[in-house]
Structures are given as C-alpha cells and as structure tokens.
2 protein chains.
Amino acid sequence: MSASDSFAPDATLADVGEFALVAALTSRFEQGSQVYVGPGDDAAVIRTPKGHVVVSTDLLVEGRHFKREWAPARDIGRKAAASNLSDINAMGGTAHSLTVGLGAPADLPARWALDLAEGLAEEAALVGASIVGGDLTTASEVVIAVTVLGTCEVAPVLRSGAHAGDVVAIAGRQGWAAAGLAVLARGFRSPRALVQAYQRPQPPYAAGRAAAQAGATAMIDVSDGLLADLGHIARDSAVAIDIHRDAFELADPMHAVGSALGVDPMQFILGGGDDHAIVATFPARSALPAGFTAIGSVEEPGESGPSVTVDGAAYDGPTGWAHFA
Amino acid sequence: MSASDSFAPDATLADVGEFALVAALTSRFEQGSQVYVGPGDDAAVIRTPKGHVVVSTDLLVEGRHFKREWAPARDIGRKAAASNLSDINAMGGTAHSLTVGLGAPADLPARWALDLAEGLAEEAALVGASIVGGDLTTASEVVIAVTVLGTCEVAPVLRSGAHAGDVVAIAGRQGWAAAGLAVLARGFRSPRALVQAYQRPQPPYAAGRAAAQAGATAMIDVSDGLLADLGHIARDSAVAIDIHRDAFELADPMHAVGSALGVDPMQFILGGGDDHAIVATFPARSALPAGFTAIGSVEEPGESGPSVTVDGAAYDGPTGWAHFA
C-alpha cells in the first residue's frame, strides 16, 4: 500500500501538498530494467541497446515561474533552457538536444513567441545542444514545457552518494538571482547586475562534468534554494551537512540590496535558487575542480536523522518554497 | 531572411496561424551535426556517442485536447501517453521512457492526478516503457506535457520517402475516435464502442516497427486527420496520393452514428485523427506486414504539386483542424 492511499477521497492538491503528491505519483510509476536512475534525482538515466540517455523536464507557467513584464521573451527563453540544461549539468552530463512545448493565448504577439524561441536556441547553443522538436497549442495562459536530453561521459553523479567526511563545494554565482527577484518584486530595477542575474542566469555549464571527472560523490543543481537542495542530498545520502557562512563572499551588489531592502543578504544565498549553481560533495583532501569553492562539510547524521545546518545551528530564515503549500 | 521576418510587428498568434508560426519558430532552431532528424517529422532522432535516441513531445490542454467531463482521468492519462507513444511507433521505433509535466489548479482533486498517473503508466507499460521523470506545478488550467523517448532497430522511417508507384496502407482503427468525439460533443454517450474509442484509443503499437522492417518508404501516425496527415507525406515526399473509399469497411457502429447524426460516416475516416492509426507507403508488390490494409496509391505529382485525392478527386469535407486558425 502506498502512502497516497491514505489521502482523503476529496483531498485537493493544496490539501495534499507538493511533496506528498510527487511521492504518491512516482509510486505509480514502475521502473523497468532499462531505467538506471528513475524519478527523484536532477535527471533520469535510461540504458538503451547501445548507449544511454539522460533526461529531465520542466513546466514553466506564466505568473508563477516568469512574468512577461519582468523580463523580455528572449531572456525567458534563455532561462527556461538554462533551468533544464542545469539538470543535465548536475548529473555530470552534457546536453545534446531539447524539445519545447508552448501553450499560449491566441492573442499573444507572434514576436514574443519568436523571441522566446531565439532565447531557447541561444542558451542551448552554449553547450552545443539543439532544439529538435516541439508542440504548439492554444492555452489560456503561457506555459512552456522543456525537456532536455544528454549523455554522461563518466558515471552520473547522484544525490545519494555523499559520505561523512566529504567536503561540500559550490560552483557558480549563488543568491544573485533571488536578490534580483526581490528587487523586481518591490518594483525596483536596480542593482542592475542582480536584476540581470534573475532575468538571465549564467549556470556554470562546465562544472558538472568537471566535478564528475574529479570524483564528486553527490551533486545537485540549486533550483529550490541552497539549503533546500542540500537537504535533498542530506536526505538521499543519509548524512548531515553543515554550511559555513564565512565561506561566502558577499559581492557589492548583494550588500547594496541588503541595505536597500533592509534585509540580511545572506538569506538570498542560503534560500535562493534561480542562479542554477552546482553544489557537489567531494572526498576529503581531493583537489576541487576549477570553479568550485568549499562551503561546508558532510558529517554523520545526528539522532534526528539527515539535516542541514548553518555554522552548526538550524537556520530558520527563508529556504525556498513549495507548490500547493 | 526567414519567412517570419515578414510578420507584421503587432501580429498575434491568431493572425499568423499555426503552420506559419511553427515554420518561423523552427527556422530559429539551428540543428547541430548530432541531429539526424530534426523538427517536422513524427519524432526527432539524435545521434549520441554510442547510440541514438528518438524523441517527441506533446502538450495537452484542458478544454482543448480533453475535457474532464468527457473521460475519466485514467483514460486521459492513457490517451496522453498513447498520443506520444504513437509518434515513436510512426518512426518505426520502440519507446523506452516518458517524462510528464503536470500543471494544475490547487483545487484539483488529488485523486484525479493519481488516476491520470496510473493511466499514463498503464499505457506506457503496453510497450515496456516507464515514466522516468516529471514536473509538477500550479497552473490555472490542467496542462499535461508528455515527452517520449525511444530507439529504432532499423533506420527510422520518415515522411519524406514515398515514391510514385508505392502502395498506401493503414494499420489500426480509423475514424472511430472522431465519431466518438462527435457523439460526445452532441451530448450522447453511445454508440459505446465509439465513445470508448475516443476515450481510450488503441494504437497499433506493433505496426510501426513491422512496417520499418518490411521496408516502408514513408510513415506517419494519424493525429491531425487521415487526409491531413497523408498531406504531410505528399508534401514532404513531393508526390500525389490517391485514397480509395472502397478500401474502408464501415463497421456497424460507424453506420449507426452516421444515421443518428445525419452525416456520412466516411467523414470520420477521412478527417479523424484520434485513433492514432499508422499509415505507411510500401514499394509496389511488397507483401504488407500483418495488420496493414492497402487504401490507396502514390503517384507522380500533378502540375499543381503534391496532393491528396479521394477516388481521383479533391475532397472538400472536414479534414482536421489547425490551432489559432
């Protein structure tokens, strides 16, 4: 009997919540012997007769994942592709192709759709991937479904391989996009570097493969929020992770936004997800690949199980968000 | 300069129309050397370092592609998977995995989402494929994004390979689902066999691979409508196709629905698409694989270019439909 069988018959998605619903849904999906990595990691890995394919999918909905007034269509396209390419990055793989489904109202400017397409293709080209197919349909709001396919040169790096004693390290900017979103949400347009970081993230596309080749034990892309995503590694690896604030250097625009909004900018680093940074764990004393900075350590879990702490203590600031919650 | 550059700056999707928009969008998608078949066929085919992957994607929107009151969630899931699995079928391939993105209002019954998932998994299991990943998000209407991945044992069969002299043949039921939809749209629930054909199509999943192995020259799955989809083969192969009404045996429920609705049931066969039948062209005098019935012939195109005719004449009944038109 799956956990979902205990849902009340009239329970809605909001009643059940995103995580319980995902668990109930995936319990319906029996995995065949061809599936090397199924649901629950950054991407799935399927063995094929002569090779393998790494695949991940995202569904972006207007007003929830993007707003047309907050970014030009080209940037929305780049961001939609980036979010997916980052999932292949987090497995240690390289993307080769994407498919895109676009649902849109009939009165959407055609120019907007073309700009979106150009943004998608531009971002894909950064890793040598092509948009190979798609679907177009009417919908009452703009929805963008992106699926990315890729391959791994070495074994894919999962969320479940971290060990006590490993070093936690990050590649790419972290917190900039979340700070940019906070700025936009308050009606401001600066600091410009942060707004641009939100509108057009720059994921560290070389980092995932480099980490895999350097022997990373676990890896994830930061999309739910740094602590939330480290929580996925902690839970799947059954470890405790402690992050050190001092490891993060606060860039000038982050100080500026903290002063302007009257908040501790560290919350954007600990809770932000839209930069698509890569966090990975490496065996102690291994040389970190170029682009990675150590930010914490992996420890044996305490009595209460897997955990993520900041400087040894629970963190009670914002750490991302859940749908339907 | 692409055709799309001639769009008026303020043109909407409705102004431009689906086909011109798809052409403009795909012109933005440069295809890398890894792409063996890009946009424009039933599925794309990408070469990978050690193998290949066949991929196709569909976006289904409530009220446009399905109505919750017209079919139970499990059937909608089966149909969503079937529509995608059929695209791999039409390349002569076999699907091994699917990803699913679900966007839904927070007040959707959780039970509906679980039933949908079970339907998706059931249909996938018919060909040995697994649901390997997905995404879940809030949206103001239900949207289902399905991507299917597969492989081909022999070279994929494209839409572009038909030659004058070839035989046109079909596998699977044709017109039943369209007749069922017509029944539902008028508020009826019978003939039951037709309504069920619409709610839960039974694509001929063995037919595509069999056709490829038998040397089919061109192939497509019937999703836009039989004549519309034969039009894709005619155009991409630069041929004329003539279909023979006599080749179709009208089953009893089709006669019944024709009488009840006061229409010629042949319109459902010529214009319907929801059964996911497979049509293919084969060299003259080749033995058709099991399950295929000859329905017409391929000829040299006339002066006006590629065409599809019925018993030698243009057909002016319903032949499918276009989004945004």
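Carbon and sulfur together cover what percent of the accessible area of the protein assembly as shown at a 1.4 Å probe radius?
That share works out to 51 percent.
Give the cross-link partners of A:Lys67 among the lysines, using a straight C-alpha distance below 23 Å as the criterion and excluding same-chain residues fewer than 8 apart.
Qualifying lysines at Cα under 23 Å: A:Lys79.
What does DSSP give for chain B in terms of the percent of beta bridges that are antiparallel, rounded to the nearest 5?
Of the beta bridges lying entirely in chain B, close to 75 percent run antiparallel.
Whose amide H sits under 5 Å from the amide H of B:Val310, counting only residues 5 or more places off or on another chain, with H placed in the peptide plane?
Residues meeting the criterion, in which the H sits 1.01 Å from N, are B:Ile243, B:Tyr315.
Based solely on its DSSP helices, what 222 nm [θ] is calculated for chain A when runs of n ≥ 4 H residues each add -39,500 (n - 2.57) and the sum is averaged over all residues, nearest 500 deg cm²/dmol?
Rounded to the nearest 500, the figure is -9000 deg cm²/dmol.
Can you classify region B:89-206 as rounded, prolate or oblate using the Cα gyration tensor, where a ≥ b ≥ c are the square roots of its eigenvalues, rounded means a/c under 1.5, and otherwise it's prolate if a/b beats b/c and oblate if not?
oblate
Which shape class, rounded, prolate or oblate, goes with the protein assembly as shown when its Cα gyration tensor gives a ≥ b ≥ c as root eigenvalues, a/c under 1.5 marks rounded, and past that a/b bigger than b/c marks prolate?
Note, shape of the protein assembly as shown comes out prolate.
Compare each residue of region A:108-127 in its chain alone against the assembly with all protein chains, and report those whose accessible area goes down by 10 Å² or more; 1.4 Å probe, heavy atoms.
A:Leu108, A:Pro109, A:Ala110, A:Arg111, A:Ala113, A:Leu114, A:Ala117, A:Glu118, A:Ala121
I need the phi-derived Karplus couplings for region A:154-170: 6.51 cos²θ - 1.76 cosθ + 1.60, θ = phi - 60°, integer Hz, Gly and Pro marked x.
10, 4, x, 9, 8, 7, 9, x, 6, 10, 3, x, 5, 9, 9, 9, 10
Taking each label point as 7 Å beyond Cα in the direction of the beta carbon, state the distances from A:His255 to the same residue in the other copies, shortest first, in nm.
For A:His255, the other copies' label points sit at 8.8 nm, shortest first.
Please report the spacing between the Cα centers of region A:16-54 and region B:205-281 in Å, no decimals.
Computed from Cα coordinates, the inter-centre distance equals 35 Å.
Only Cα pairs within less than 10 Å get springs; with that Gaussian network setup on chain B, which residue of B:Asp41, B:Asp15, B:Asp242 has the largest fluctuation?
B:Asp15
Inter-copy label distances at B:Pro9, 7 Å along the Cα→beta-carbon direction, one decimal in nm, shortest first?
Between copies, matching label points for B:Pro9 lie 6.0 nm apart.
In percent, what relative contact order does chain B have, based on Cα pairs under 8 Å that are 6 or more apart in sequence?
Reported as a whole number, the value is 21 percent.
Could you tell me whether chain B comes out rounded, prolate or oblate from its Cα gyration tensor? Rule is a ≥ b ≥ c as square roots of the eigenvalues, rounded for a/c under 1.5, then prolate if a/b exceeds b/c, otherwise oblate.
rounded
Rounded to the nearest whole Å², what accessible area per residue is found for the protein assembly as shown with the 1.4 Å probe?
Accessible area per residue: 38 Å².
Would you mind working out the magnitude of the charge dipole of region B:230-291 relative to its Cα centre, with +1 at each Lys and Arg C-beta and -1 at each Asp and Glu C-beta, to the nearest 20 Debye?
In total the dipole reaches around 240 debye.
List the distances, in nm and shortest first, from the label point of B:Ser27 to the matching label points in every other copy, placing each point 7 Å from Cα along the Cα-to-Cβ direction.
Label-point separations across copies, in nm and ascending: 5.2.
Mind checking the dipole of chain A: about its Cα centre, +1 per Lys or Arg Cβ, -1 per Asp or Glu Cβ, Debye to the nearest 20?
840
List the residues of region B:61-82 whose accessible area drops by at least 40 Å² when all protein chains are present, compared with their chain alone, using a 1.4 Å probe and counting only protein heavy atoms.
Those residues are B:Arg64.
Put +1 on the Cβ of each Lys and Arg and -1 on the Cβ of each Asp and Glu in the protein assembly as shown; which of B:Ile269, A:Gly150, A:Gly175 then has its Cα farthest toward the positive end of the dipole?
A:Gly150
Taking chain B as a Gaussian network, Cα atoms linked when under 10 Å apart, which of B:Ala193, B:Ala129, B:Ala20 shows the biggest mean-square fluctuation?
B:Ala20
Rounded to the nearest 100 Å², what's the accessible area chains A and B bury against each other, both chains counted, probe 1.4 Å?
For chain A against chain B, roughly 5900 Å² becomes buried.
When chain A is treated as a GNM, springs tying every alpha-carbon pair under 10 Å, which of A:Ala178, A:Ala211, A:Ala121 comes out with the largest mean-square fluctuation?
Highest fluctuation of the listed residues: A:Ala121.
Could you run the Karplus curve 6.51 cos²θ - 1.76 cosθ + 1.60 with θ = phi - 60° over region B:11-17 and give me ³J(HN,Hα) per residue in whole Hz, x for Gly and Pro?
5, 9, 4, 5, 4, 7, x
What's the longest uninterrupted piece of chain B once you rule out the trypsin sites (Lys or Arg not before Pro) that are loop residues per DSSP with at most 14 other Cβ within 10 Å?
With trypsin sites (Lys or Arg not before Pro) excluded where exposed in loops, chain B gives B:69-185 as its longest stretch.
If ligands, DNA and RNA are left out, what is the accessible area of A:Trp176 with a 1.4 Å probe, given in Å² to the nearest 10?
50
Would you mind working out the magnitude of the charge dipole of region B:206-325 relative to its Cα centre, with +1 at each Lys and Arg C-beta and -1 at each Asp and Glu C-beta, to the nearest 20 Debye?
For region B:206-325, the charge dipole is close to 340 debye.
Please calculate the 1.4 Å probe accessible area of B:Glu69, with all protein chains present, and give it to the nearest 10 Å².
Spelled out: B:Glu69, probe radius 1.4 Å, area about 120 Å².
Looking at chain A, do any whole DSSP H helices span at least 15 angstrom along their long axis by alpha carbon and average 0.0 or above on Kyte-Doolittle, and which?
What comes out of the filter, once short or polar helices are dropped, is A:110-125, A:226-237.
What lysines does A:Lys50 reach when the alpha-carbon gap must be under 25 Å and sequence neighbours fewer than 8 apart in one chain are set aside?
List returned: B:Lys50.
The values are calculated or read from the model by the stated rules, or taken from the named source; none is laboratory data. None of the values given here were measured: they were computed from a predicted structure. In this analysis, Cβ positions are derived from the backbone assuming ideal geometry, glycine residues included, and neighbour counts consider all displayed protein chains. Please note that ligands, DNA and RNA were not included when accessible areas were found on the heavy atoms of the full protein model with its side chains. Shrake-Rupley method; radii C 1.70, N 1.55, O 1.52, S 1.80 Å.
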